[in-house]
1. Give the Debye-formula value of log10 I(q)/I(0) at each listed q (0.12, 0.18, 0.20, 0.21 Å⁻¹), with one equal scatterer per alpha carbon of region 195-304, two decimals each.
2. Hey, got a sec? Which chymotrypsin sites (Phe, Trp or Tyr not before Pro) in region 6-101 land in a DSSP loop and have at most 13 other Cβ atoms within 10 Å?
3. Leaving out same-chain residues fewer than 8 places away, which lysines sit with a Cα under 20 Å from that of LYS59?
4. Using only DSSP helix segments of four residues or longer, with each worth -39500 (n - 2.57), what per-residue ellipticity at 222 nm results for the chain after dividing by its residue count and rounding to 500?
5. Distance between Cα centroids, region 290-325 to region 130-163: provide it in whole Å.
6. Only four residue types carry charge here, +1 at the Cβ of Lys and Arg and -1 at the Cβ of Asp and Glu. Report the dipole size of the chain about the Cα centre in Debye, rounded to the nearest 20.
7. Considering the chain as a Gaussian network with a 10 Å cut-off on Cα pairs, which listed residue, ALA284, ALA81, ALA106, attains the greatest mean-square fluctuation?
8. Looking at the chain, which longest stretch skips every one of the GluC sites (Glu not before Pro) that is in a DSSP loop with at most 16 other Cβ atoms within 10 Å, leaving the sites themselves out?
Amino acid sequence: MSVEVMLPGVCTTVQDAGRYGFQQHGVIVGGAMDPVAMRMANMLVGNQPGEAVLELTLKGPSLRFHEDFLIAVCGGDFAPAIDGQRIAGNRAVWVRRGSTLQFSRAKKGCRAYLAVAGGWDVPVVMNSRSTNFRAGFGGHEGRMLRANDWLRANSPGEFSRFLASRLAKQAGANSFAQAGWHVPPSAFPCIANPTVRVIRGEQYDDFTADSREHFWSQPFQVSPQSDRMGYRLAGPQLSLSAPLELTSEAVTAGTIQVPPSGQPIILLADRQTIGGYPKIGCVASVDLPIFAQLKPGDVLCFQEISVGEAQRALYEREMELRQLQVAIQLTAEWR
């Protein structure tokens, strides 16, 4: 084993792109709450975008490296430090064996992602390494990390070895060396009082005119009763114009359900596979990473978007991520 967990943090789990193809059997998709940050962290160390990473929530872990490692941290600001010296996020960092990586409480955002060259080596269960800690499988023993756990990484690829070699020479006798280039903050969604784009849901017209108007015009606050399964929001009460009997049906990431309380719930990574509450809307996929970085008490507003506009925005982000991957490889090789 090569990485020792000294302190586990609040909720540190192994996650990847998710467990697809089993929802008909009641198995949740799971995976990283912020897929953009996960993908960027993987790209920075030369991994495939969906390799397994550590997802940190609210307070990060303390990890001791017993081998040399190439790492990257993306997402929220958890003030990462190696042997007491701060390192920058959103860039590749070579870490010498014997060093300790520590994270603090989240100073900005809610979740960060730690990628290592090769990806974390945990068993593949139903085509995914992601942790389903409610069901107790996937990830590291189907649970959050604990103190005294040990982790290992898969063998890094050619580009990862090349980058690690260059940074190791740069480090000299130091504990670590950081790449001189990084992913700019502008590549990540804005989480300061964000406006989240939403497509009308199947039961949108069944809500009262006042509810529909308030949904678009009034702010909502993230409730403390929020987790990876869904974010509960506090704001204007949304109500139906008449009682409605619904059959439970499939739900997806971003589905906005409205239970009898009238306070909406945004279904996220660990969402159930079906739901029976009326759906006033669905968050555009391109904006789902925003919720991964919102903490209880944060405020957001909704803005209507059409299906075509949502697809276009997602396509444009996908093109930006692919261009970024090419830019990372070219910059690393050139420098």
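1. -0.35, -0.82, -1.04, -1.16
2. On the way: sites: TYR20, PHE22, PHE65, PHE69, PHE78, TRP94; in loops: TYR20, PHE22, PHE78.
Sites meeting the loop and neighbour criteria: TYR20.
3. LYS107, LYS108, LYS295
4. Working: 5 runs with 66 residues, N = 335.
Only helices count here, giving -6500 deg cm²/dmol.
5. 27 Å
6. On the way: 32 positive and 30 negative charges, 233 e Å.
Roughly 1120 debye, rounded to the nearest 20.
7. ALA81
8. 246-335
All of the numbers you see were taken from the coordinates with simple rules; none came from a lab. Quick caveat, the model's predicted, so the values are computed rather than measured. Here the Cβ is made from the backbone with ideal geometry for all residues, glycine too, and neighbour counts use every protein chain on show.
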